[in-house]
Amino acid sequence: MKLQKPPPEIARMGLRGMKMVVNADGEFHSLERGLMNAVQKNILGTEFDLDDLEDITPRELAEGLPEVFQEQFFNGCLIAALIDGEASISEGALLDEYSSEFGIKSPELKNFHRAIDHHLLLFRFDVARRSFLGQRLKKRVQEEGIRGITSLVRGLVKSHEPKLADRYRSLESRAEGTLGRSYFEFVRNNQFSLPGEVGGPPEPIVFHDCLHVLAEYETSPLEETQIASFQAGLLREQPMFGLFFMLAQFQLGIQVTPITGAESNQVDPELMIKALVRGTHVNRDLTTNWDPWDDFDEPIVDLRHKYNILPR
């Protein structure tokens, strides 16, 4: 994901428009306020008093915001509209006006309306297929065909595959401090299962736990919101769906992944934005086309330097 820092006067105009969205349902929720302040602190570099921001019309926004910033602003409004844990009709209506004035066709907005209308099957399917999870699984199937589909199904039903399990158990013998050894210890310390073991994840999901190790995020719901936001920052293709995935799974209580149950109201806006921005500094998309086996023998400290994974 690429984030741009606009001039202060443009940033203020965008914040006015964002405040209009979050206030559309009649409440300036503390989470919405927290998100806007986190955006100021970590992306915009501004310190405007949110209570002093004047109303602004969609037309005024379209005329005042340079086109280069319009999509970033619009995406920020989508996230702001969901951060309080619900998608409201009034917020969706204003987002529709913004979309029309900016000339933006947004699949994210379509899913926002699916959430409003409780069309959750379509919501889950579309968010899953467009997020890092769907992008990665699509690549696996393209590369391996029927074999890739069979392996994925086995992983989803958590069946026992001895050869695959033995391959991952061999990581215990890697040198201390390498990604392979650290991944093995992460799995065992958290009482998870390795791929191929009963209860283990599908192999294409291994990258996620490896990113836990590299980026130093733990496994509580709050930490999972941050690793998911970090991954959204890594994405080069449809990065907003990385955030949609996270918000659905951990804030809206809509289960998107078949592997883990959904949670509600787990997101801390400040930590979410910090993790997102941290992910944007990484110099490679490690979510969709990275094979951890290529790096399992490498020391973690070297990989963090190689991929520009900044300290938390």
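For GLN191 and GLU9 in the same chain, what is the full-extension length gain: residue separation times 0.36 nm, less their Cα-Cα distance, in nm?
Working: separation 182, 0.36 × 182 = 65.52 nm, distance 5.06 nm.
60.5 nm is the gain from fully extending GLN191 to GLU9.
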Please list 3J(HN,Hα) in residue order for the stretch 196-212, calculated via the Karplus relation 6.51 cos²θ - 1.76 cosθ + 1.60 where θ = phi - 60°; whole Hz, with x for glycine and proline.
x, 7, 4, x, x, x, x, 4, x, 8, 4, 3, 4, 5, 5, 5, 3
Sequence-separation-based contact order of the chain, relative, with Cα cut under 8 Å and 6+ spacing, percent:
20 percent
Shape of the stretch 8-118, Cα gyration tensor, a/c cut at 1.5
oblate
To two decimal places, what compactness ratio does the stretch 180-312 give when its Cα radius of gyration is scaled by 2.2 N^0.38 Å?
1.00
Computed helical MRE - 222 nm, the chain, DSSP H runs ≥ 4 contributing -39500 (n - 2.57), nearest 500
-17500 deg cm²/dmol
Between ILE259 and SER173, what is the label-to-label distance in nm when each label sits 7 Å out along the Cα-to-Cβ direction?
2.6 nm
Enumerate the calculated ³J(HN,Hα) couplings along the stretch 106-120 in order (Karplus 6.51 cos²θ - 1.76 cosθ + 1.60, θ = phi - 60°), each rounded to whole Hz, writing x wherever the residue is Gly or Pro.
10, x, 5, 5, 4, 6, 4, 5, 4, 5, 4, 7, 6, 8, 6
Dipole of the chain, positive end: most advanced residue of THR225, LEU286, GLY14 [Cβ charges, Cα centre]
LEU286
Give the long-range amide H neighbours of GLY253: residues separated by 5 or more places, or on another chain, with amide H under 5 Å away, using H modelled in the peptide plane at 1.01 Å from N.
GLU263, ASN265
If I take the Cα coordinates of the chain and project them onto the principal axes, what are the three extents in Å, biggest first?
62, 39, 31
Just want to confirm a number: the relative contact order over the stretch 8-118, from Cα pairs under 8 angstrom separated by 6+ residues, in percent.
35 percent
Interchain or sequence-distant (5+) residues whose placed amide H lies within less than 5 Å of the amide H of ASP268 are none
Cleavage-rule hits (trypsin sites (Lys or Arg not before Pro)) in the stretch 1-97: DSSP loop, at most 14 neighbouring Cβ within 10 angstrom
LYS2
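List nothing, just return the count: lysine pairs in the stretch 132-306, 8 or more apart or interchain, with Cα separation under 25 Å.
Values: LYS138/LYS158; LYS138/LYS163; LYS139/LYS158; LYS139/LYS163; LYS139/LYS306; LYS274/LYS306.
For the stretch 132-306, the number of qualifying lysine pairs is 6.
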HN-Hα couplings for the stretch 270-284 via Karplus (6.51, -1.76, 1.60; θ = phi - 60°), in whole Hz with x for Gly/Pro, come out as 4, 5, 4, 5, 4, 5, 4, 4, 4, x, 5, 7, 5, 8, 8
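Pick out, in residue order, every one of the GluC sites (Glu not before Pro) in the stretch 13-85 that is DSSP loop and has at most 11 other C-beta atoms within 10 Å; say none if there are none.
On the way: sites: GLU27, GLU32, GLU47, GLU54, GLU60, GLU63, GLU67, GLU71; in loops: GLU27, GLU47, GLU54.
Sites meeting the loop and neighbour criteria: GLU27, GLU47, GLU54.
Read-outs throughout are calculated quantities, based only on the coordinates presented, and are distinct from any laboratory measurement. Everything quoted here is computed from the prediction, not taken from an experiment. Note that we place each Cβ from the backbone using ideal geometry, even for glycine, and neighbour counts take in every protein chain shown.
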